[in-house]
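Let me give you the structure first, and then I'll get to my questions.
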Amino acid sequence: MDGLSVPLTGFRVLTGTANRPLAEEIARSLGTELCRTNVTRFADGEVFVRLDENVRGADVFIVQPTNPPAENIMELLLLVDAARRASAARITVVLPYYGYARQDRKDQPRVAIGAKLMANMIMRSGADRVLGLDFHQHQLQGFFDIPVDHLYAAPVFTAHYRKKNLVDPVVVAPDVGSAKMARGFAKRLNASLAIIDKRRPAANVSEVVNVVGEVEGKDCLLADDMIDTAGTVSEAARALKKLGARDIYVCATHGLLSGPAVQRLSEAPITEVAITDSVALAPEKRFPALTVLSVGELLAKAIRFTHADQSVSSLFE
Ligand code: R5P
């Protein structure tokens, strides 16, 4: 069933300041308006949150990615708290980007596990469900003891690349961790698969050790869940070019584009970088080869299905 034809009553969508344009796009796709809220700061920077509309008995969806600054997290937790205290019937946290999720295990002595702490805070604030998009690891769903619907941006990207008539395409995973995502893309695009053996000699330094698979003379699609400093994909693109790849396209759900990312992506042999609007992008981070695809309609459909208690996984069949 087309998610946009499910009838909707008794639900509200609200957001903080982390990515208002995406929340507006979701509301537009749902044929509604965002619930009026007052999300401001006290003079010392503390976050203040107030819902300016009645949500008593409503099915409430709170859209907020948790990328830095940390106030984005505080806004989310306070919005959940406000909705709970205002007697919402059910609260779903919509996480277009699950920030603080990269540290998901104790792989060195005395490190915090940010992903679990985030899950604990979201649950303790009063959320009943989570609707997430391309978590850094799929198993992070298990960090929550409430239902999690985990969405993929893959349908948005594959629709984009199907229009491009790629020549003998090969989807390339820039590291072993992205192989599952890349395999999914390859299947949807009827492409072959290659995997890069990446090493990180130091934090934020990426080194390509080996490319497993055939890329010579082929259009390559490097698919990752996120681009942070762009060290991973720019090094991968260089390695592919050296091996005789044709055009190189990069796609990643979450375009954090921090530090040297824009410069690295602009200088690398990349034809196009496609990201989604899961995280709000500052205007100065836009560059000619960048395309931003919206996940607003995808999230809106998932909200409709959730509200109507219908299967969300049918979105990906
Ligand atoms: C690694 O596990 C991730 O999938 C990304 O490849 C990585 O986080 C990207 O970081 P950067 O853009 O800084 O290389």
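Would you say Arg90 is farther than 30 Å from Arg200 by Cβ, more than 16 Å from the ligand (Cβ to nearest atom) and open to solvent by 30 Å² or more (accessible area, probe 1.4 Å)?
yes
Being surrounded by 20 or more Cβ atoms within 10 Å (Cβ to Cβ) and assigned to a loop (DSSP other than H, G, I, E, B): is that true of Lys301 here?
No; evaluated as a whole, the condition is false for this residue.
Being part of a strand (DSSP E or B) and surrounded by fewer than 21 Cβ atoms within 10 Å (Cβ to Cβ): is that true of Asn54 here?
For Asn54, the condition - part of a strand (DSSP E or B) and surrounded by fewer than 21 Cβ atoms within 10 Å (Cβ to Cβ) - is not met.
Considering only residues that are open to solvent by 30 Å² or more (accessible area, probe 1.4 Å) and of a type in the set (Val, Ile, Thr), which ones fall in segment 157-172?
Of everything in segment 157-172, just one residue is open to solvent by 30 Å² or more (accessible area, probe 1.4 Å) and of a type in the set (Val, Ile, Thr), namely Val167.
Then there is this: Can you pull out the residues in segment 146-180 that are in a loop (DSSP other than H, G, I, E, B) and either farther than 24 Å from Asn67 by Cβ or of a type in the set (Val, Ile, Thr) (or both)?
Within segment 146-180, Ile146, Lys163, Lys164, Asn165, Leu166, Val167, Asp168, Pro169 qualify.
Could you give me the residue pairs with C-beta distances under 6 Å whose first residue belongs to segment 223-244 and is at positive phi, whose second residue is open to solvent by 10 Å² or more (accessible area, probe 1.4 Å) wherever it lies, and which are 6+ apart or on separate chains?
Short answer, once both residue conditions are applied: Ala230/Arg264; Gly244/Glu216.
With respect to Ile195, determine if the residue is aliphatic (A, V, I, L, M), part of a strand (DSSP E or B) and assigned by TED's automatic domain parsing to the domain that holds Asp175.
Yes; evaluated as a whole, the condition is true for this residue.
I'd like to verify a number: residues in segment 28-40 that are surrounded by 13 or more Cβ atoms within 10 Å (Cβ to Cβ) and without any contact (Cβ under 8 Å) to a residue 60 or more places away in the chain, how many?
Residues flagged as surrounded by 13 or more Cβ atoms within 10 Å (Cβ to Cβ) and without any contact (Cβ under 8 Å) to a residue 60 or more places away in the chain within segment 28-40 amount to 5.
Kindly indicate whether any position in segment 261-270 is in contact with a strand residue (DSSP E or B) (Cβ under 8 Å, 6 or more places away or on another chain), of a type in the set (Val, Ile, Thr) and under 23 Å from Thr66 (Cβ atoms).
no
For segment 183-192, indicate whether the set of residues that are at pLDDT below 95, open to solvent by 50 Å² or more (accessible area, probe 1.4 Å) and either under 20 Å from Tyr100 (Cα atoms) or within 15 Å of the ligand (Cβ to nearest atom) (or both) is non-empty.
Yes, some residue in segment 183-192 is at pLDDT below 95, open to solvent by 50 Å² or more (accessible area, probe 1.4 Å) and either under 20 Å from Tyr100 (Cα atoms) or within 15 Å of the ligand (Cβ to nearest atom) (or both).
Name the residue, out of Gln141, Gln137, that is of a type in the set (S, T, N, Q) and within 14 Å of the ligand (Cβ to nearest atom).
Every option except Gln137 fails the conditions.
For residues that are out of contact with any helix residue (DSSP H, G or I) (no Cβ under 6 Å at 6 or more places or on another chain) and more than 26 Å from Ala230 (Cβ to Cβ), scanning just segment 127-138, find the one that is surrounded by the most Cβ atoms within 10 Å (Cβ to Cβ).
Val130
So, in segment 168-212, how many residues would count as being under 17 Å from Cys251 (Cα atoms) and of a type in the set (Val, Ile, Thr)?
Of the residues in that region, 6 qualify.
So in segment 93-126, with the set limited to residues that are part of a helix (DSSP H, G or I) and open to solvent by 30 Å² or more (accessible area, probe 1.4 Å), which one is farthest from the ligand (Cβ to nearest atom)?
Here the residue is Arg124.
Can I ask one more? What's the number of the condition Ser278 fails, among (1) touching a His at 6+ places or on another chain (Cβ under 6 Å); (2) surrounded by fewer than 24 Cβ atoms within 10 Å (Cβ to Cβ)?
Every listed condition holds for Ser278 apart from (2).
Test Ala252 against the criterion of being small (Gly, Ala, Ser) and farther than 29 Å from Ser192 by Cβ, and give yes or no.
No, not satisfied.
The values are calculated or read from the model by the stated rules, or taken from the named source; none is laboratory data. Note that the structure is a prediction, hence the values are computed from the model and not measured. Cβ sites come from the backbone with ideal geometry, for glycine too, and all protein chains shown count toward neighbours. Only protein heavy atoms, including side chains, enter the accessible area calculation; ligands, DNA and RNA are left aside. Shrake-Rupley method; radii C 1.70, N 1.55, O 1.52, S 1.80 Å.
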